[in-house]
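A short write-up of the structure that comes next.
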Amino acid sequence: QVQLVESGGGLVQAGGSLRLSCAASGRDLSNYFMGWFRQAPGKEREFVATSRWTDSYYGDSVKGRATISRDNAKNTLYLQMNSLKPEDAAVYFCAAAPGGAIRSDHAYAYWGQGTQVTVSS
């Protein structure tokens, strides 16, 4: 059974930085896209970033401020977010997809429980 466990969320001031982690277990996900989505209250889940092998893709709202990386040896996915804005506040979810429309949450088969990011202005 695949488990994805996020950590690293919290309260950060606008302009600050945060690094989220996602620890995976239960299956070799090295050939999966592993990515991040976020969901703010009252809004739809939004694509943040995803990565597989040497390829990375970012949502327009975070491009230039976010860096996704993964350590397959540790089965861990990371998201470094810089220059945080109040609109970045959301629950951030880690997810894994075998392929498909990787900017859509429908492509992702496995999901973590999420970690809350709060940005104070």
Item to complete: Give the number of residues within segment 70-95 that are in contact with a strand residue (DSSP E or B) (Cβ under 6 Å, 6 or more places away or on another chain) and either among the aromatic types (Phe, Trp, Tyr) or within 17 Å of Gly9 (Cβ to Cβ) (or both).
Response: 16
Response to the item:
Across segment 47-60, the tally of residues that are assigned to a loop (DSSP other than H, G, I, E, B) and either touching an Asp or Glu at 6+ places or on another chain (Cβ under 7 Å) or touching a residue at least 24 places away in the same chain (Cβ under 8 Å) (or both) stands at 1
Item to complete: Give the number of residues within segment 52-63 that are among the basic types (Lys, Arg) and farther than 21 Å from Asn31 by Cβ.
Response: 1
Fill in: Matching entry among Ala49, Ala95, Ala101, Ala66 (being among the aliphatic types (A, V, I, L, M) and farther than 21 Å from Ala24 by Cα)
Ala101
Practice prompt. Name the residue, out of Arg103, Arg65, that is open to solvent by 40 Å² or more (accessible area, probe 1.4 Å) and among the charged types (D, E, K, R).
Written response: Arg103
Worksheet entry | Hits in segment 3-46 - residues which are in a strand (DSSP E or B), surrounded by fewer than 17 Cβ atoms within 10 Å (Cβ to Cβ) and basic (Lys, Arg) | Arg19
Worksheet entry | Scan of segment 106-119 for residues that are surrounded by fewer than 17 Cβ atoms within 10 Å (Cβ to Cβ) and either modelled with pLDDT under 95 or in contact with a Gly (Cβ under 9 Å, 6 or more places away or on another chain) (or both), ordered by number | His106, Gln116, Thr118
Worksheet item: Of everything in segment 68-90 that's assigned to a loop (DSSP other than H, G, I, E, B) and modelled with pLDDT of 95 or more, which residue is most open to solvent (accessible area, probe 1.4 Å)?
Response: Lys85
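The values are calculated or read from the model by the stated rules, or taken from the named source; none is laboratory data. Here the structure is a predicted model, which means the values were calculated and not measured. Note that each Cβ is placed from the backbone with ideal geometry, even for glycine, and that neighbours are counted across all protein chains shown. Protein only, heavy atoms only, side chains kept; ligands, DNA and RNA dropped before computing areas. Shrake-Rupley method; radii C 1.70, N 1.55, O 1.52, S 1.80 Å.
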